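S.K.: Below is the structure I would like to discuss, written out as structure tokens.
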Amino acid sequence: MENNLEEFFAVSLELTKKAGTLIRERLNEKKTVETKSCDIDFVTETDKQVEKLLIEGLTEAFPTHQFIGEESVAEGAQCSLTDDPTWIIDPVDGTLNFVHGFPHSCISVGLFINREPQIGIIYNPNLEQLFTAKKSEGAFLNEKRIHVSDTASLSNALIAFENGTSRDPEKLKVLLENYKALVPLTQGMRALGSAALNMAMVAMGGADAYFEYGTHIWDIAAGELIVKEAGGVFIDPCGGEVDRMSRRFLCASTRSLADELSKNLVQYYPMPRD
Ligand code: IPD
Ligand code: CA
Ligand code: CA
Ligand code: CA
């Protein structure tokens, strides 16, 4: 399995870098944009092409492996995590940023085996930031080891959060309540517009925690391993274990910060698709 993991990593990394050129070259071009669940939930030709390139390349190399890809699921593919090796792909995380030319978007690729993360790759080709992790081998940014911060309390913390592209008024209300409560308790709040890149920030110590209600498994699959391998915690916003299909999570540099954040959050439970 260890040898296989090296091969899985090498092949997925090469494909991710290749796909990254599509995002980088087109960042400032006019895109072909369609909408999905609402008027700001975009998908571009590039999202579809990146996903196709990755799934075709990985299928050729590893014909028995399974896939969960955002745009394939949008077109009716299954979204189920089994014990089989499963690649979980977000071809462009931060599509809204990509459409605008705001350079915080990335490819997120995670490999799960027996329902546990084994490989995580988050690649922002616009800023040449490559975050990687293999199970039990640490987390890296452009091949240099990264660690979460040692921040243990909200009063010392920079916290990332997002609303996502949902227009649900109840969700927006909870977001604003949490923002209002957390601004005076923390050193600041940030929203990069990419779940995976927010998680990468926590992993490298640039942010101390991040929570979101409404994420899908492809938003967080690679980030989970990268945060954990950088020494961070990955839990449900209530404080317990994460159900990866629950569309809610919290990650933080330390357990003490995670617990304090969790206690101060208004909780929200997204519907399976909103
Ligand atoms: C979205 C981004 C956004 C987050 C949303 C995600 P997409 O992913 O990560 O920052 O708030 O929850 O759906 O649609 O750009 O891949
Ligand atoms: Ca999307
Ligand atoms: Ca995403
Ligand atoms: Ca996406």
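The values are calculated or read from the model by the stated rules, or taken from the named source; none is laboratory data. Small disclaimer: the values here were computed from a predicted structure and weren't measured. Note that each Cβ is placed from the backbone with ideal geometry, even for glycine, and that neighbours are counted across all protein chains shown. When the accessible area is computed, the model is the full protein with side chains, heavy atoms only, and any ligands, DNA or RNA have been set aside. Shrake-Rupley method; radii C 1.70, N 1.55, O 1.52, S 1.80 Å.
S.K.: Choose one of Q129, N142, S153: the residue whose Cα lies farthest towards the positive end of the charge dipole of the stretch 115-170 (beta-carbon charges +1 Lys, Arg; -1 Asp, Glu; about the Cα centre).
M.R.: After comparing all options, I get N142.
S.K.: Still on this structure, please answer the following. Rounded to whole Hz and in sequence order, give me ³J(HN,Hα) for the stretch 69-80 from the Karplus expression 6.51 cos²θ - 1.76 cosθ + 1.60, θ = phi - 60°, writing x for Gly and Pro.
M.R.: Calculated HN-Hα couplings, in order: x, 3, 6, 5, 4, 4, 9, x, 5, 5, 10, 9 Hz.
S.K.: May I ask you to list the residues of the stretch 196-218 whose amide nitrogen lies under 17 Å from a point 7 Å from Cα along the Cα→beta-carbon direction of Y269?
M.R.: Taking a point 7 Å out along Cα→Cβ of Y269, the residues of the stretch 196-218 whose backbone N falls under 17 Å are 213-215.
S.K.: Oh, and also: Helix by helix through the chain, keep the DSSP H runs that span 27 Å or more along the axis on Cα and average at least -1.0 on Kyte-Doolittle, and give those back in order.
M.R.: Qualifying helices, which must be both long enough and hydrophobic enough, are 2-26.
S.K.: Another question, if that's okay. Taking the Cα centre of the stretch 1-145 as origin, work out the dipole magnitude from +1 charges on Lys and Arg Cβ and -1 charges on Asp and Glu Cβ, in debye rounded to 20.
M.R.: 420 debye
S.K.: If you plug each phi of the stretch 111-116 into the Karplus form 6.51 cos²θ - 1.76 cosθ + 1.60 with θ = phi - 60°, what whole-Hz ³J(HN,Hα) values come out, in order, with x for Gly and Pro?
M.R.: Residue by residue, the stretch 111-116 yields 10, 10, 10, 6, 6, 10 Hz.
S.K.: Please list, in chain and number order, the residues 5+ apart from A157 or on another chain whose amide H is under 5 Å from its amide H, with Hs placed from the backbone.
M.R.: Placed amide hydrogens put Q187 under 5 Å from A157.
S.K.: Multiply the residue gap between A10 and F102 by 0.36 nm, knock off their C-alpha separation, and tell me the result in nm, one decimal place.
M.R.: Here the answer is 30.2 nm.
S.K.: While we're looking at this one, here's another question. Please give the per residue volume of the convex hull enclosing the alpha carbon atoms of the stretch 1-145, rounded to a whole number of Å³.
M.R.: 105 Å³
S.K.: Suppose every K and R has +1 on its Cβ and every D and E has -1 on its Cβ; what is the size of the dipole of the stretch 218-274 about the Cα centre, in Debye to the nearest 20?
M.R.: 80 debye
S.K.: Also: On a 1.4 Å probe surface of the protein chains, which of T32, T165 comes out largest in accessible area, and what is the full order?
M.R.: The ordering from most to least exposed comes out as T32, T165.
S.K.: Can I ask one more? Could you pull out the trypsin sites (Lys or Arg not before Pro) across the stretch 120-191 that fall in loop regions by DSSP (anything but H, G, I, E, B) with no more than 15 other Cβ atoms inside 10 Å?
M.R.: For trypsin sites (Lys or Arg not before Pro) across the stretch 120-191 that sit outside H, G, I, E and B with at most 15 neighbouring Cβ atoms in 10 Å, the list reads R167.
S.K.: On to the next question. Report in % the part of the accessible area of the stretch 1-145 that belongs to carbon and sulfur, leaving out ligands and nucleic acids; probe 1.4 Å.
M.R.: 47 percent
S.K.: Okay, moving on. Could you derive backbone 3J(HN,Hα) for the stretch 210-215 from the dihedral phi with the Karplus parameters 6.51, -1.76 and 1.60 (θ = phi - 60°), listing whole Hz in sequence and x where the residue is Gly or Pro?
M.R.: Values per residue, Gly and Pro as x: 8, 9, 7, 10, x, 6 Hz.
S.K.: In a Gaussian network model over the chain where Cα atoms closer than 10 Å are linked, find which of L54, L185, L197 has the largest mean-square fluctuation.
M.R.: With Cα springs under 10 Å in the chain, the top fluctuation among L54, L185, L197 is at L185.
S.K.: I need to check one value: relative contact order of the chain, counting alpha carbon pairs closer than 8 Å and at least 6 residues apart, in percent.
M.R.: Once normalised by length, the contact order is 17 percent.
S.K.: At 222 nm, what value in deg cm²/dmol follows for the chain if DSSP H runs of at least 4 each add -39500 (n - 2.57) and the sum is divided by all its residues, to the nearest 500?
M.R.: The helix contribution divided over the chain gives -12000 deg cm²/dmol.
S.K.: To continue, here is another question. Give me the accessible area of D219, 1.4 Å probe, in Å² rounded to the nearest 10.
M.R.: The accessible area of D219 comes to roughly 20 Å².
S.K.: For every other residue with a beta carbon closer than 10 angstrom to the beta carbon of A222, add +1 if it is Lys or Arg and -1 if Asp or Glu, then tell me the sum.
M.R.: Summing Lys/Arg as +1 and Asp/Glu as -1 gives -4.
S.K.: Order the following by accessible area, largest value first: H100, H216, H65, H147. Probe radius 1.4 Å; ligands, DNA and RNA are ignored.
M.R.: Of H100, H216, H65, H147, the descending order of accessible area is H100, H147, H216, H65.
S.K.: With all distinct Cα pairs included, what does the Kirkwood hydrodynamic radius of the stretch 193-274 come out to in Å, to one decimal, could you say?
M.R.: Computed over Cα pairs of the stretch 193-274, the Kirkwood hydrodynamic radius comes out at 12.3 Å.
S.K.: Then there's this: Put a dot 7 Å past each Cα toward the Cβ at M245 and S136; how far apart are the dots in nm?
M.R.: Going by the 7 Å Cα→Cβ label model, 2.9 nm.
S.K.: In terms of Cα to Cα distance under 18 Å, which lysines are near enough to K171, apart from those fewer than 8 places away along the same chain?
M.R.: K180
S.K.: Now for a different question. Kindly report the accessible area of the stretch 1-145 per residue (heavy atoms of protein chains, probe 1.4 Å, no ligands, DNA or RNA), in Å².
M.R.: Here the residues of the stretch 1-145 average 48 Å² of exposed surface.
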